[in-house]
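Everything on this sheet refers to the single structure shown next.
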Amino acid sequence: MTTRMRNILIFIGTAVILLLLMVIAILIGRVPLNDENTVGNTPGNLNNGGYFCESDGRVYFANAYDGYALYSMNSDESDLRKLGEGSYSFLNVGGDYLYYSMIGNSDDYELGFIGTPYGVYRSKLNGKKVTGLDRSHIINMQLCGSYIYYEKYDNKKAVSLEKIRIDKKDKQTVVPEAIINPNCYVDGTIYYNGDDKSKDHYLYALDTATGVSSVVWEGDIWNPIVQDGYVYYMDISSNYRLCRYSLYNDTVEVLTNDRIDMFNLYDNYIYYQVSSPTEPALKRMLIDGSSPEVVREGVFQNINITSQYVYFNAFDEPTPVYKTSTFGPVAVTTFDAAMEASIDETK
């Protein structure tokens, strides 16, 4: 073999190896798309800040004892791990990735933005390989299949509904200058209420495949949650009492006549904060309105629910974080494991 032929073969071999390495790098860096029915978090959790999110027995949460830094643990609160610094909210999980809104503590060029990191982000489940998807102020966000839908606030363009694919492609404005909460996503449809700008509070459905919205029911609702053919909502015209509307037979049931500030729904229980000048309390009841009971007297917020615990805190007091069993007897204690983990981080 001549020297010239040998050099040609070496060149071709080197080119093939480099091409293979490039293909491998692309495949490793590729973010697999999700099934269209993938939902990042429950609408009730997201309506309450999205500070807790559960997937495959693992709970990802923003630890209020550590400035809402990102942590994870098993659903029984064992094996706590700190995953990230900063202030996290609207946690979503899909496949091998976390999606969230974050306000950071310092400059971080690795996130893809210059300056204090804030906006929509993606990371691996261990908190590594953080990628900035959109630098913006987030009001609400939900993982809907392979897209993040988020309410974005801009002091020049007001509020709009945006979406971006999880691989940071196909960024679009879905509805400009409109207040649309995307947190309730079911079978390819986002259910949301109208707002004062639209002059109604009807129940709407946004078809994510076509981008077309339609009126489902001319109610007077706030923060709808759809489950098993019912829409659970706060009834604006009747002092924000909690009701449910049947999508099947067009009927309304009043679940409580108490005025409420917020609620969350998980399986067969509803947890809700009663607004009262004399007897405020966090309560729970079954989804048909039966068996109401007091969880804890006082004014609380950020009601987040996992398969084993309900977490909440006093109004405007991030800590202590309280908890009680999601389905078992009411027995309120404090989320000591999170506090201890934050202390260990400072040692």
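Here, each number is a calculation from the coordinates, and none is a lab measurement. Quick caveat, the model's predicted, so the values are computed rather than measured. Neighbour counts are summed over all protein chains in view; Cβ atoms, including those assigned to glycine, are modelled from backbone coordinates with ideal geometry.
In table form, for the structure just shown:
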read-out: Amide H partners (placed H, <5 Å) of TYR309, local residues excluded; value: THR326
read-out: Whole-angstrom gap from region 162-204 to region 276-342, using each part's C-alpha centre; value: 29
read-out: Label zone at ASP267 (point 7 Å along Cα-to-Cβ), backbone N below 12 Å, region 285-329; value: 306-310, 325-329
read-out: Overall form of region 271-347 per C-alpha gyration tensor (a/c, 1.5; a/b vs b/c); value: oblate
read-out: In sequence order, calculated HN-Hα J values of region 299-306 (Karplus, 6.51, -1.76, 1.60; Hz; x Gly/Pro); value: 10, 10, 8, 6, 6, 10, 10, 10
read-out: Residue-by-residue Karplus 3J(HN,Hα) for region 266-281, coefficients 6.51, -1.76, 1.60, Hz, glycine and proline x; value: 9, 6, 9, 10, 10, 10, 8, 9, 7, 8, 8, x, 10, 9, x, 6
read-out: FRET efficiency for GLU36 and THR334, using Cβ-Cβ distance with R0 set to 45 Å, rounded to 0.05; value: 0.65
read-out: Ranked list, fewest to most other Cβ atoms within 10 Å of each Cβ, for GLU317, GLU162; value: GLU317, GLU162
read-out: Residues with amide H under 5 Å from that of VAL159, placed H, sequence gap 5 or more; value: ASP154, ALA178
read-out: Amide H within-cut-off set for VAL295, under 5 Å, with H built and near neighbours excluded; value: LEU282, LYS283, ARG284
read-out: In region 177-258, the GluC sites (Glu not before Pro) that fall in loop regions by DSSP, at most 14 other Cβ within 10 Å; value: GLU177, GLU218
read-out: For region 131-143, 3J(HN,Hα) per residue [Karplus equation, 6.51 cos²θ - 1.76 cosθ + 1.60, θ = phi - 60°, Hz, x = Gly/Pro]; value: 10, x, 9, 7, 8, 6, 8, 9, 9, 8, 7, 9, 7
read-out: Positive minus negative residues near ASN302 (Lys, Arg vs Asp, Glu; Cβ under 14 Å); value: -1
read-out: Set of lysines near LYS124 by C-alpha distance (under 25 Å), chain-local residues within fewer than 8 positions excluded; value: LYS82, LYS152, LYS163, LYS168, LYS169, LYS171
read-out: Alpha carbon Rg of the chain, scaled by the compact-globule rule 2.2 N^0.38 Å; value: 1.14
read-out: Positive minus negative residues near ASP167 (Lys, Arg vs Asp, Glu; Cβ under 10 Å); value: +4
